[in-house]
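One structure is given here, and the rest of the page talks about it.
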Amino acid sequence: MRKQIGIVSHDLQRDYLICAEGLNVILSGFYASNDTYAYQEFSKTQMTRAYEVMQELGVMDLSGRRFGHMSTGEQRRFLLGRALVHDPPVLVFDEPTSGLDLKACFQYLDLLRAQMAKGKTVLLVTHHLHEIPPEIDRVIFLKEGNIVADGPKSKLLTSEQVSRLFDSKTTLLQANGWYQALPG
């Protein structure tokens, strides 16, 4: 099952071993581990794939840096690489831009969109409407652990629907397929 799904989450980032080097973060995706270990072996094909992913994500120059010495955005890109290394058809992102500055947020969303353009199925869990790329067309609202709405993004991402979801008057703005929530 792990070869079918790639996962990037804040919890994984928090719990990942800070001493792991960048390359090992990517390689750990083959074993779903939190670093690489002496008993794990990597083929030439796997090593080549790890380098391809680092090149694609623009982190090749950080391959020898320890995870704990990377910025939040750099760590997040390595964890994306870890999720991508085995080329899964499905990617799960849990609050993918949490803790990122605006530039890093936009860069990360571009990486996410590039994966969608390659045909990956993306499941995005977020509280932040600005993280939802234009390519996502289905939205599910959860409240207190229950599904309260499920449908097309265009029908659910309205001021009225979002106000009801968060029990707070909200005005939604939309531009180029992106949404933003404002108070009242």
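The values are calculated or read from the model by the stated rules, or taken from the named source; none is laboratory data. Computed from a predicted model, the values in this text were never measured in an experiment. Note that we place each Cβ from the backbone using ideal geometry, even for glycine, and neighbour counts take in every protein chain shown.
Scan (1) touching a Ser or Thr at 6+ places or on another chain (Cβ under 6 Å); (2) assigned to a helix (DSSP H, G or I) for the single condition Thr171 breaks and write down its number.
Condition (2) is where Thr171 drops out.
Under the condition of being of a type in the set (Asp, Glu) and within 9 Å of the chain's Cα centre (by Cα), which residue from the range 88-133 is farthest from Ala181 (Cα to Cα)? Even if it seems obvious, please write down each step before you answer.
Step one: filter the range 88-133 for residues of a type in the set (Asp, Glu), giving 94-95, 101, 110, 131.
Narrowing the set further to residues that are within 9 Å of the chain's Cα centre (by Cα) leaves 94-95.
Working: Asp94: 19, Glu95: 16 Å.
Out of the qualifying residues, it is Asp94.
Looking for something out of contact with any Gly (no Cβ under 8 Å at 6 or more places or on another chain), part of a loop (DSSP other than H, G, I, E, B) and farther than 25 Å from Glu131 by Cβ - is there at least one such residue anywhere in the range 43-56?
Yes - at least one qualifying residue is present in the range 43-56.
Among (1) in contact (Cβ under 8 Å) with a residue 24 or more places away in the chain; (2) closer than 22 Å to Asp110 by Cα, where does Met60 come up short?
Unmet for Met60, out of (1) in contact (Cβ under 8 Å) with a residue 24 or more places away in the chain; (2) closer than 22 Å to Asp110 by Cα: (1).
Take the residues in the range 61-85 that are under 18 Å from Gln115 (Cβ atoms) and among the aliphatic types (A, V, I, L, M), then tell me which one is surrounded by the fewest Cβ atoms within 10 Å (Cβ to Cβ).
It comes out as Val85.
Could you check the range 47-60 and list, in sequence order, the residues that are of a type outside the set (Ser, Thr, Tyr), surrounded by fewer than 17 Cβ atoms within 10 Å (Cβ to Cβ) and either out of contact with any helix residue (DSSP H, G or I) (no Cβ under 7 Å at 6 or more places or on another chain) or more than 19 Å from Cys19 (Cα to Cα) (or both)? Show your work before the answer.
If we filter the range 47-60 for residues that are of a type outside the set (Ser, Thr, Tyr), which is where we start, we get 47, 49-50, 52-60.
From what is left, the residues that are surrounded by fewer than 17 Cβ atoms within 10 Å (Cβ to Cβ) are 47, 52, 55-56, 58, 60.
Within the range 47-60, Met47, Glu52, Gln55, Glu56, Gly58 meet the criteria.
Out of the range 86-115, which residues are assigned to a loop (DSSP other than H, G, I, E, B), within 26 Å of Gln46 (Cα to Cα) and in contact with an Asp or Glu (Cβ under 9 Å, 6 or more places away or on another chain)?
Restricting attention to the range 86-115, the residues satisfying the condition of being assigned to a loop (DSSP other than H, G, I, E, B) are 86-89, 95-101.
Those still in the list that are within 26 Å of Gln46 (Cα to Cα) too: 86-89, 96.
If the condition is that a residue be assigned to a loop (DSSP other than H, G, I, E, B), within 26 Å of Gln46 (Cα to Cα) and in contact with an Asp or Glu (Cβ under 9 Å, 6 or more places away or on another chain), then Pro96 is the only one that fits.
Within the range 128-150, work out how many residues are touching a Phe, Trp or Tyr at 6+ places or on another chain (Cβ under 9 Å) and not hydrophobic (A, V, I, L, M, F, W, C).
Of the range 128-150, the ones touching a Phe, Trp or Tyr at 6+ places or on another chain (Cβ under 9 Å) are 129-134, 143, 147-150.
Right, trim to not hydrophobic (A, V, I, L, M, F, W, C) and you get 130-131, 133-134, 143, 150.
Matching residues across the range 128-150 total 6.
From the list Val25, Val8, exactly one residue is within 19 Å of the chain's Cα centre (by Cα), part of a helix (DSSP H, G or I) and β-branched (Val, Ile, Thr). Which is it? It would help to see each step written out before you state the result.
On the way: Val8 fails: part of a helix (DSSP H, G or I).
Result: Val25 is the single residue among Val25, Val8 that is within 19 Å of the chain's Cα centre (by Cα), part of a helix (DSSP H, G or I) and β-branched (Val, Ile, Thr).
Is the range 26-46 home to any residue that is crowded, with 21+ Cβ neighbours inside 10 Å, in contact with a Leu (Cβ under 7 Å, 6 or more places away or on another chain) and among the aliphatic types (A, V, I, L, M)?
Scanning the range 26-46 turns up no residue that is crowded, with 21+ Cβ neighbours inside 10 Å, in contact with a Leu (Cβ under 7 Å, 6 or more places away or on another chain) and among the aliphatic types (A, V, I, L, M).
For every residue, the table says whether it meets (1) farther than 22 Å from Ser9 by Cβ; (2) in a strand (DSSP E or B).
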{"residue": "Leu123", "(1), (2)": "no, yes"}
{"residue": "Pro133", "(1), (2)": "no, no"}
{"residue": "Val139", "(1), (2)": "no, yes"}
{"residue": "Gly151", "(1), (2)": "yes, yes"}
{"residue": "Gln161", "(1), (2)": "yes, no"}
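Of these, Arg82, Arg2, which one is modelled with pLDDT of 95 or more and either part of a helix (DSSP H, G or I) or in contact with a Pro (Cβ under 9 Å, 6 or more places away or on another chain) (or both)? First the steps, then the outcome.
Values: Arg2 fails: modelled with pLDDT of 95 or more.
Selected residue: Arg82, the only one of Arg82, Arg2 that is modelled with pLDDT of 95 or more and either part of a helix (DSSP H, G or I) or in contact with a Pro (Cβ under 9 Å, 6 or more places away or on another chain) (or both).
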